[in-house]
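One structure is given here, and the rest of the page talks about it.
We did not get these values from a lab; they are worked out from the coordinates using the rules stated. Predicted, not measured: the structure shown is a model, and the values here were computed from it. Here the Cβ positions follow ideal geometry from the backbone for every residue, glycine too, while neighbour counts run over all protein chains shown.
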2 protein chains.
Amino acid sequence: MSYCVALKLKRGLVFMSDTLTNGGLDNISCYPKTFCWGLAGERQILLATAGNLATTQAVVSTLSEQTKKLKEPRDSILGAPTMFQVARIISQTLAEIIVNSTPSQQTAKSAFSATMILGGQIKGGETQLYLIYPEGNFIEVSDDKPFFQIGETKYGRPILVRAFDPEMEFNDAIKLLMVSFDSTMKANLSVGLPLDIRVYNDGSLTSARELRVEKDDAYYQMISRAWGDALKASLVQLPDYDYNQD
Amino acid sequence: MSYCVALKLKRGLVFMSDTLTNGGLDNISCYPKTFCWGLAGERQILLATAGNLATTQAVVSTLSEQTKKLKEPRDSILGAPTMFQVARIISQTLAEIIVNSTPSQQTAKSAFSATMILGGQIKGGETQLYLIYPEGNFIEVSDDKPFFQIGETKYGRPILVRAFDPEMEFNDAIKLLMVSFDSTMKANLSVGLPLDIRVYNDGSLTSARELRVEKDDAYYQMISRAWGDALKASLVQLPDYDYNQD
């Protein structure tokens, strides 16, 4: 299981993903799940992936190969004229790879299924964020709650729903994401450290900044401990339920 | 979808369940999901249910009917000598009803599946809490984390994992459960008010106290609002991530 979140802030994009992949509890590995492509000053593309590792690797490799073909640059994510077209290329690639892997008719429930979050910006356009489904279609974020989660999304969702604000600074967004990931990792062993963070500055068209949270990261450990304490303290401070008077 | 939680405290048992059942978003109803049977001074039994409504109703009706047969009292939940035997009766009833409803071989993924939490006490025995699976087997709570959740469990789990303590008073437990339900209802529309609460005093062998949280319950509304504010405030108070210095 994976857990990836992408936030669309006024200041830009923040992606966070875990790196644990597993084919059973005794077969675990560390793989990056967020990938970046770019042409400085022209476009920057970020892609977070969750699902079957063979599928997501095939998609990423296919996308990378296409960028090296000179014949049909418009068919590659580095040549497409808009982020919408980039989303179409990726979603079609994903759906084709799943269909080719699945013996019978493709369904979203296929063992080879995968889901992706695409973010980025092309010169002259706005920063955009899409959720790409294994069926080969996609949606864009809403302005009300401009974030997407994929993979093991439920444990870490309540804090995002409550505390996310598109006006956030990058450091506050990273703190929020760490809390969301901590809640998830406390509940599901198949989501695990290290975490990959990518931060893209809106309008910069320069590479996303890359940060990694390792297992012994002091800040993460502090957040994990302090958040548990803060939750307990918050609960105590809420007015008591009047059990006896009823 | 349902959401039910049962806590085993030192003081006794607290059950909370929502009451929304749905066969699609345009076909919703309000049904109780927690049921009680008892003989004052001899035994008290609580059963929370999640899953197919026809299955859970058939189980509850079958269990109730069995209590009225005088021939084999040991085969009824009001005649079985121990809570372990009560768990066996319920789990076998559940598995049989699912098998009879499912055309082909029964699997846990059957559309007729259901999961249950059984709690209670029989004179001379301790208060016990079991999780009953649709396959017809069951487990007892661990001493470390003596609570069970069924149905839509993930959104409301992080706060339970962090803040639950078996030494809690009943009013603190109800407050904790309200927060857990609020997180769940904010994320999944198919879990909804009103909420049913049952509180059993360890050793009392008297009926569990019944409380209902209606849609306009002032305490619940206050908790929902105050918890959101508390989460945001807690997040702000955590030390900032040092984004710029890296």
Self-check item: Derived scalar couplings ³J(HN,Hα) [the range A:72-85; Karplus, 6.51 cos²θ - 1.76 cosθ + 1.60; whole Hz; x for Gly, Pro]
Solution: 10, x, 5, 8, 10, 5, 8, x, 4, x, 9, 5, 4, 5
Exercise. Work out the length of the dipole vector of the range B:3-235 about its Cα centre, built from +1 on the beta-carbon of each Lys and Arg and -1 on the beta-carbon of each Asp and Glu, and round it to the nearest 20 debye.
Key: 100 debye
Quiz item: Got a sec to turn the phi values of the range B:114-131 into Karplus ³J(HN,Hα) couplings, 6.51 cos²θ - 1.76 cosθ + 1.60 with θ = phi - 60°, whole Hz, x for Gly and Pro?
Solution: 7, 10, 9, 10, 10, x, x, 8, 10, 3, x, x, 8, 5, 10, 9, 10, 9
Quiz item: Taking N as the number of residues in the protein assembly as shown, what is its alpha-carbon radius of gyration divided by 2.2 N^0.38 Å?
Solution: 1.09
Exercise. Consider just the alpha-carbon atoms of the range A:1-66 and return their Rg together with their Dmax, both in angstrom.
Key: 13.6, 44
Quiz item: Which trypsin sites (Lys or Arg not before Pro) from the range B:161-216 combine a DSSP loop assignment with at most 14 other Cβ atoms within 10 Å?
Solution: B:K215
Quiz prompt | Cβ neighbours within 10 Å from other chains - mean over B:169-178 | solution = 4
Practice problem: Relative to the compact-globule scaling 2.2 N^0.38 Å, provide the ratio for the alpha-carbon radius of gyration of the range A:3-235. | Solution: 1.01
Exercise. Just check the range B:67-146 against the gyration tensor rule for me: Cα atoms, a ≥ b ≥ c as the square roots of the eigenvalues, rounded for a/c under 1.5, and otherwise prolate or oblate depending on whether a/b exceeds b/c.
Key: oblate
Quiz item: At q = 0.10, 0.11, 0.22 Å⁻¹, what base-10 log of I(q)/I(0) does the Debye formula yield for the range B:125-242 when every alpha carbon is treated as an equal point scatterer in vacuo?
Solution: -0.39, -0.47, -1.52
Quiz item: Of the cross-linked pairs A:K123/A:K175; B:K186/B:K215; A:K71/A:K123; B:K8/B:K175, which ones have a Cα-Cα span greater than 19 Å in the structure shown?
Solution: A:K123/A:K175; A:K71/A:K123
Quiz item: Taking +1 at the Cβ of each Lys and Arg and -1 at the Cβ of each Asp and Glu, which of B:Q149, B:G119, B:L9 sits farthest along the dipole of chain B towards its positive end, judged by Cα position relative to the Cα centre?
Solution: B:G119
Self-check item: Rounded to the nearest 20 debye, dipole of the range A:128-189 from Cβ charges on Lys, Arg, Asp, Glu
Solution: 360 debye
Quiz item: Not counting the cut sites, what is the longest span of chain B without GluC sites (Glu not before Pro) that DSSP labels loop and that have at most 13 other Cβ atoms within 10 Å?
Solution: B:43-125
Quiz item: Once you charge only the Cβ atoms, +1 for Lys and Arg and -1 for Asp and Glu, what is the size of the charge dipole of the protein assembly as shown about its Cα centre, to the nearest 20 debye?
Solution: 740 debye
Quiz item: What ³J(HN,Hα) values, in whole Hz, does the Karplus curve 6.51 cos²θ - 1.76 cosθ + 1.60 give for the range B:156-163 when θ = phi - 60°, with x put for Gly and Pro?
Solution: x, 7, x, 5, 5, 4, 7, 10
Quiz item: When the helix-only estimate is applied to chain A (DSSP H runs of n ≥ 4, each -39,500 (n - 2.57), divided by the residue count), what is the mean residue ellipticity at 222 nm, nearest 500 deg cm²/dmol?
Solution: -11000 deg cm²/dmol
